[in-house]
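Colleague: Before anything else, here's the structure in question.
The values are calculated or read from the model by the stated rules, or taken from the named source; none is laboratory data. Note that the structure is predicted; figures quoted are calculated from it, not measured. Positions of Cβ are backbone-derived with ideal geometry, glycine not excepted, and every protein chain shown enters the neighbour counts. Side chains included, ligands, DNA and RNA excluded: accessible areas come from the protein's heavy atoms. Shrake-Rupley method; radii C 1.70, N 1.55, O 1.52, S 1.80 Å.
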Amino acid sequence: MCIRDRCLFMLPLSLAKEINTLRYASLVGMAATIFLVIAVTAHAVEDEAPISNIPIVKFELSTIMALPIIIFSYCCQTNSFEIYAELKDRSVNKMTITTLVSMGTCTIIY
């Protein structure tokens with residue numbers, strides 16, 4: 001099942017010649033992430049868990065194991081050249097705005 005799903009969904013996405021073709025898949029992924037954030041927040045509010053019991057920072061082995069995922073989510077330099085090449089009216093200012101919007105979106109969602 002896992003291999004079939006990867007062949008049906010992930011393989012066509014990884015074969016795209018332009019990064020612009022991934023915009024709809026990215027929107028679906030972003031919508032799913034936003035839905036998850038809203039669902040978790042609504043569940044926390046519904047249960048009325050006291051905020052004083054929730055640690056702000058937790059240093060455990062699982063936190064350290066999640067660190068590469070968090071770092072990679074902000075490391076978009078692998079795609080930055082392709083994004084710059086596909087910008088209309090390329091300029092440093094436009095690339096700066098694109099970077100700020102994408103990093104701001106990631107920060108808000110995470």
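Colleague: Can you tell me which of (1) in a loop (DSSP other than H, G, I, E, B); (2) surrounded by 10 or more Cβ atoms within 10 Å (Cβ to Cβ) is the one residue 89 doesn't meet?
Modeller: Of the numbered conditions (1) in a loop (DSSP other than H, G, I, E, B); (2) surrounded by 10 or more Cβ atoms within 10 Å (Cβ to Cβ), the odd one out for residue 89 is (2).
Colleague: While we're here: How many of the residues making up region 52-83 are closer than 22 Å to residue 16 by Cα, open to solvent by 80 Å² or more (accessible area, probe 1.4 Å) and modelled with pLDDT of 75 or more?
Modeller: Number of matching residues: 2.
Colleague: For residue 16, are the conditions met, namely being open to solvent by less than 100 Å² (accessible area, probe 1.4 Å), modelled with pLDDT under 80 and not in a helix (DSSP H, G or I)?
Modeller: For residue 16, the condition - open to solvent by less than 100 Å² (accessible area, probe 1.4 Å), modelled with pLDDT under 80 and not in a helix (DSSP H, G or I) - is met.
Colleague: Return the residues of region 30-51 that are part of a helix (DSSP H, G or I), more than 20 Å from the chain's Cα centre (by Cα) and either at pLDDT below 75 or surrounded by 10 or more Cβ atoms within 10 Å (Cβ to Cβ) (or both); say none if nothing qualifies.
Modeller: Across region 30-51, the qualifying residues are 42, 43, 44, 47, 51.
Colleague: From the list 8, 27, exactly one residue is assigned to a helix (DSSP H, G or I), modelled with pLDDT of 80 or more and exposed (fewer than 10 other Cβ atoms within 10 Å of the Cβ). Which is it?
Modeller: 8
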